[in-house]
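See structure below.
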Amino acid sequence: MAEIELDGVTKRFSGVTALNRASFTIRDGELFILVGPSGCGKSTLLNMIVGLEDVTEGEIRVDGEVVNDLDPKDRNMAMVFQSYAIYPHMTVRENMAFPLELAKASKAEIDERVSRAAKILELEEVLDRKPRALSGGQRQRVAMGRAIVRKPKVFLLDEPLSNLDAKLRVQMRTEILRLQRRLETTMVYVTHDQTEAMTLGHRIAVLRKGEVLQIGTPRELYECPKNLFVAGFIGSPAMNFLPARWENGRLVLPVGSIALSDEEGRRLGAARGRLIAGFRPEHLQAGGEEQPGLRFEVQAEVVEWLGADVFVYFDVALRGFEEVELPEDLGLQGDNGDHRSLLARVDPSAGLREGDTFELGLDSQYVHVFDAESGENLSTARD
Amino acid sequence: MSEKREKPIERVLWGAASLLVVTYALIPVAWMVSLSLKRSADLGDDRFLPRVVSFEHYEAVFRDPQFSAALRNSIGIGAISSLAAVLLGMFAAYAIARLDFPGRRLILGAALSIAMFPPVSIIGPLFNMWRTLGLYDTWLGLILPYMTFTLPLAIWTLSAFFREIPWELERAARVDGATPVQAFVHVIAPLAAPGVFTAAILVFIFAWNDFLFAISLTSTNDARTAPAAIAFFTGSSRFEQPTGSIAAASVVVTLPIIVIVLAFQRRIVSGLTAGAVKG
Ligand SMILES: Nc1ncnc2c1ncn2[C@@H]1O[C@H](COP(=O)(O)OP(=O)(O)O)[C@@H](O)[C@H]1O
Ligand SMILES: [Mg+2]
């Protein structure tokens, strides 16, 4: 049980700032996610919490006690590495017993705890095997087992599932979630996969290039992203983006214009420079019903039927608007010439087929407006 | 790792090629063994296999106090040289593999150039120096040059092995509650063992086989090693070549190397680290 406080934590590697003044608190018993594209400093932060990496500046406190200079072995934290890092010359049993032996636990207690962990993780059959005779999923579970045998204060997991295939990943994700709920131990989980982050976490911190961009529940991040990067990074399929202008009290998009609330209007009016509008694919409604907001006609380029939903890809002509420049590390598609490809997630009952021309509705309350330069979300209130 | 399926014709070709190489390498050895088992009278009989198997040369060799002393010297000097070279090599290789310091490449390059250095060019000066320093005809007098010439080999072998060790395991051990020393003893040392054995065996073989330093820097049973001692064999009479004894002694000297390599072959399994990381 532990609460971890980060206070202006900075890490520099000979000039490269891997993490810049991170300040937040990971609450006791929480499943906290660090998410961001690779190279954003997630592992560095985790290594600093566990003590494998020195803190350049700032303080890390565990239950109020500064641990900056505490040796990893004295922190009583358990870590699961991306590469699993299980000891190849030891059997599964020896691997799991290793932390207990170092802690000088009695033989009986070691046996008891190892067999309990093996039972939880379904490793009983392979206890006497060496790691090289295990499947990827089993190795992953051994790494988990080594972490849970010793009742640590905190679990730290660094991309624990990224070496597994998709099916196993989903299965292990649920197992980790169940384990965390059951043990009620603080867990910090690192991933670059936003789906994993959204499905697992109580709270999520989005990191980018060493900066903590936003911290919040999955829902907060999804509904009120503070900036363009978070908006584009969180959510699958990704948010749609279009260039926009603020003219005569209305937000003008290549597909039409919408009125915004007075307060948003005031904030947009104060903004200089180019704007980007963003809206999620599911907020585009197909069909004839009357709706407040914008309506526009498009032609379905590609239709993907997924059972509960239908993904409809369509092109929007930019009509003299400047191209949208999205952060490169989002990995989202840019404009193709004077067109921008968008996606609507619509009800299958609309019965759309490729080549159909149809009308889409967009409720203005779901439209986010971002400053194209700073990426700041201008439509949500600053806190 | 995927196993390649070979066509029958390929297998035959590979088999034939291997057989050729092995035969080529083993014929002199077989000839030596055969000679050592012939009776003195049969040595010149131009037959590949001995007519009558006799152990008289072996008996003669072991009766010779010089040869027993030489064997002791060889084993002692070889063991100490490999121990010292591997120990020093381990420190150097660890630094080269793990630490990022300026001049890393320079050290590796310098080590290599020492290995390239022709030993024969320093024999003369070394002879004079050792006489002045009192190292001539002592164990230390041989151990020092052996270490010097095998250290590069040890450093290169060990740093190649050390680079392959999944060092994240050390971090994992630290998080699991190990002190740096415990992490080394329980996790890194067992993984490094095959590399260390390999390096030690290579150094030992170098020291064991060396003739040049041994013949130039020793003069008595105090430090003369087996290869040098063999050169001093004499026949039982002035008119007899000591061919049989030399062959027997050579077999005796070759055996330990073969035994060592076979015994530790299993320890040098590079697959030992398989399964530590990823899938
Ligand atoms: N030991 C190191 N020396 C120098 N730079 C490093 C070191 N470790 C990480 N970095 C740099 O710090 C940044 C963050 O790395 P990391 O925390 O591993 O990212 P992530 O885990 O999010 O992919 C990267 O730019 C990386 O190159
Ligand atoms: Mg990482």
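Some points to look at:
- Of all residues in the stretch A:85-98, those satisfying the criterion of being of a type outside the set (V, I, T), in contact with a helix residue (DSSP H, G or I) (Cβ under 6 Å, 6 or more places away or on another chain), at negative phi and open to solvent by less than 20 Å² (accessible area, probe 1.4 Å) are A:Y87, A:P88, A:N95, A:M96, A:A97.
- For the stretch A:30-70, the candidate set comprises residues that are more than 16 Å from ligand 2 (Cβ to nearest atom) and within 14 Å of chain B (Cβ to nearest Cβ); within that set, the residue that is farthest from the chain's Cα centre (by Cα) is A:L70.
- Qualifying residue in the stretch A:185-201 (condition: over 16 Å from A:L34 (Cβ atoms) and among the charged types (D, E, K, R)): no
- Count of residues meeting criterion [under 18 Å from B:Q241 (Cβ atoms), among the charged types (D, E, K, R) and either in contact with an Asp or Glu (Cβ under 6 Å, 6 or more places away or on another chain) or in a helix (DSSP H, G or I) (or both)] in the stretch B:9-58: 2
- Yes/no for B:T179 being facing chain A (nearest Cβ under 10 Å), in contact with a helix residue (DSSP H, G or I) (Cβ under 9 Å, 6 or more places away or on another chain) and among the hydroxyl-bearing types (S, T, Y): yes
- Counting only residues that are near ligand 1 (Cβ under 8 Å from one of its atoms) and open to solvent by 50 Å² or more (accessible area, probe 1.4 Å), the stretch A:28-72 holds 2 of them.
- Count - residues of the stretch A:11-27 that are open to solvent by less than 10 Å² (accessible area, probe 1.4 Å) and either modelled with pLDDT under 95 or more than 9 Å from ligand 1 (Cβ to nearest atom) (or both): 2
- B:L158 more than 30 Å from A:P72 (Cα to Cα) and either of a type in the set (G, A, S) or under 22 Å from the mean Cα position of the chain (by Cα) (or both): no
- Among the residues of the stretch A:301-353, those identified as among the basic types (K, R) and not in a loop (DSSP other than H, G, I, E, B) are A:R340, A:R345.
- When B:R163, B:R171 are checked against the criterion of being in a helix (DSSP H, G or I) and within 14 Å of another protein chain (Cβ to nearest Cβ), B:R171 stands alone in meeting it.
- Residue among A:V170, A:V149, A:V230 that is open to solvent by less than 10 Å² (accessible area, probe 1.4 Å) and farther than 30 Å from A:L378 by Cα: A:V149
For every residue, the table says whether it meets (1) more than 22 Å from the chain's Cα centre (by Cα); (2) over 18 Å from A:L253 (Cβ atoms).
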position	(1), (2)
A:P292	yes, no
A:D315	yes, no
A:G320	yes, no
A:D335	yes, no
A:R345	no, yes
A:G355	yes, yes
A:L360	yes, no
A:A372	yes, no
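- Residues (open to solvent by less than 10 Å² (accessible area, probe 1.4 Å), within 10 Å of another protein chain (Cβ to nearest Cβ) and in contact (Cβ under 8 Å) with a residue 24 or more places away in the chain) located in the stretch B:182-210: B:L191
- Entry remark, the stretch A:202-218: residues being part of a loop (DSSP other than H, G, I, E, B) and within 16 Å of ligand 1 (Cβ to nearest atom) number 2 in total.
- Counted as qualifying within the stretch A:97-188 are the helices (runs of 4 or more DSSP H) with 2 or more residues that are facing chain B (nearest Cβ under 10 Å) and farther than 22 Å from B:A178 by Cβ, namely A:136-148.
The values are calculated or read from the model by the stated rules, or taken from the named source; none is laboratory data. Everything numeric here is computed off the predicted structure, so don't read it as measured data. Ideal geometry is used to build each Cβ from the backbone, glycine not excepted, and the neighbour counts take in all protein chains shown. In case anyone asks, the SASA skips ligands and DNA or RNA and just uses the protein heavy atoms, side chains included. Shrake-Rupley method; radii C 1.70, N 1.55, O 1.52, S 1.80 Å.
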